[in-house]
Amino acid sequence: MHLSAALTTSATTADVLTHVASLDAYSHWMPLVHSAVREAEATPPAWNVELRAKVGPLARSKRLRMVRTVYEIGESSRIVFERAETDGRRHANWRLEVAVGPRDVSSPHAEVGETQLVMNLSYDGRFFVSVVESILRQNIEVGKRRLGELLAA
């Protein structure tokens, strides 16, 4: 499964990065991220993440250990988080790629000074994929709105 979402904002690239470069910031705007706790000594940086969502009358949660495998910061920035468990077992891959930079002013309706955020999420699990995709899509839309509100404040 692959999902992509984009957000255009008048906030600076640096302002956007404060909300997306470290997973512990995600719980402030992404409802699916119940918690993300950074491992103090991990190199590269790693987080223990709990995803939580309601499915009908039930609440379901999923715990993942995510590592920041790419951290390229500049005028155009790229950050990648990938699942990397330490229990020796094989797990479904989760990969979140984040790109932040100036919006291409040649795009229709683009304004000078706008910042573009693009997030691509990949998951290769086999169980309940259609349910997982539906939950992710709903939470992505809410998260985009909340992040946009944070950046506009």
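The values are calculated or read from the model by the stated rules, or taken from the named source; none is laboratory data. Since the model is a prediction, treat every value here as computed from it, not as a measurement. As a convention, Cβ positions derive from the backbone with ideal geometry for all residues, glycine included, and neighbour counts pool all protein chains shown. These area figures cover heavy atoms from the full protein model, side chains too; ligands, DNA and RNA do not enter into them. Shrake-Rupley method; radii C 1.70, N 1.55, O 1.52, S 1.80 Å.
Leaving ligands and nucleic acids out of the surface, order TYR26, TYR71, TYR123 by accessible area at 1.4 Å, largest first.
The ordering from most to least exposed comes out as TYR71, TYR123, TYR26.
Rolling a 1.4 angstrom probe over the protein chains, ignoring ligands and nucleic acids, what is the accessible area of THR12 in square angstrom, nearest 10?
Here the accessible area works out near 70 Å².
Out of the total accessible area of the chain (probe 1.4 Å, heavy atoms of protein only), what percent is carbon and sulfur? Spell out each step's value before the answer.
Values: 4720 of 9170 Å².
Within the chain, the accessible surface is 52 percent carbon and sulfur.
Rolling a 1.4 angstrom probe over the protein heavy atoms, how many square angstrom per residue are accessible across the chain?
On the way: 9170 Å² over 153 residues.
Ligands and nucleic acids excluded, the result is 60 Å² per residue.
Based on DSSP H runs of at least 4 residues, each adding -39500 (n - 2.57), what is the mean residue ellipticity at 222 nm of the chain after dividing by all its residues, to the nearest 500 deg cm²/dmol? Intermediate results must be reported in sequence, preceding the final value.
Working: 2 runs with 32 residues, N = 153.
So the calculated ellipticity at 222 nm is -7000 deg cm²/dmol.
Between VAL131 and VAL80, what is the label-point separation in nm under the 7 Å Cα-to-beta-carbon projection?
3.1 nm
Provide the solvent-accessible area of GLU75, counting protein heavy atoms only and rolling a 1.4 Å probe, rounded to the nearest 10 Å².
Surface accessible to solvent at GLU75 totals approximately 140 Å².
What is the chain by shape, rounded, prolate or oblate, if you read a ≥ b ≥ c off the alpha carbon gyration tensor as root eigenvalues and call it rounded for a/c under 1.5, prolate for a/b larger than b/c, and oblate otherwise?
Prolate, because a/c is 1.5 or more and a/b exceeds b/c.
Hey, in the GNM for the chain with a 10 angstrom Cα cutoff, which one of VAL20, VAL33, VAL131 fluctuates hardest?
It is VAL131.
From the protein chains alone at 1.4 Å, what is the descending order of accessible area for LYS62, LYS54, LYS144, largest first?
Details: LYS62 90, LYS54 150, LYS144 65 Å².
Heavy-atom accessible area, descending, gives LYS54, LYS62, LYS144.
Under a 1.4 angstrom probe, counting protein chains only, how are VAL16, VAL132, VAL37 ranked by accessible area, largest first? Don't skip to the end; give the middle numbers.
Numbers: VAL16 0, VAL132 35, VAL37 90 Å².
My answer, sorted largest first, is VAL37, VAL132, VAL16.
Take the Cβ-Cβ distance between ASP124 and ASP104 as r, set R0 to 35 Å, and report the resulting FRET efficiency rounded to the nearest 0.05. Mind dumping the intermediate values first?
Working: r = 31 Å, r/R0 = 0.88.
It comes to 0.70.
About the Cα centre of segment 1-135, what is the dipole size in debye to 20, counting +1 per Lys and Arg Cβ and -1 per Asp and Glu Cβ, all else neutral?
On the way: 15 positive and 16 negative charges, 155 e Å.
The dipole of segment 1-135 has a size of about 740 debye.
Can you tell me which of ALA11, ALA59, ALA84 moves the most in a GNM of the chain? Springs connect C-alpha atoms under 10 Å apart.
So, out of ALA11, ALA59, ALA84, the one fluctuating most is ALA59.
By how many nm would the segment from ALA14 to LYS54 grow when fully extended, if each residue of separation counts as 0.36 nm and the alpha-carbon distance is taken off? Please list the in-between numbers first.
Values: separation 40, 0.36 × 40 = 14.40 nm, distance 3.30 nm.
Stretched fully, the ALA14-LYS54 segment lengthens by 11.1 nm.
Cut-off 10 angstrom, C-alpha nodes, Gaussian network model of the chain. Which of LEU58, LEU121, LEU96 fluctuates the most?
LEU58
Which Cα, out of GLY88, PRO45, SER4, lies furthest along the positive dipole direction of the chain (beta carbon charges, K/R +1, D/E -1)?
GLY88
Where the centroid of each part is defined by its Cα atoms, how far is segment 1-28 from segment 133-153 in Å?
About 10 Å separates the Cα centre of segment 1-28 from the one of segment 133-153.
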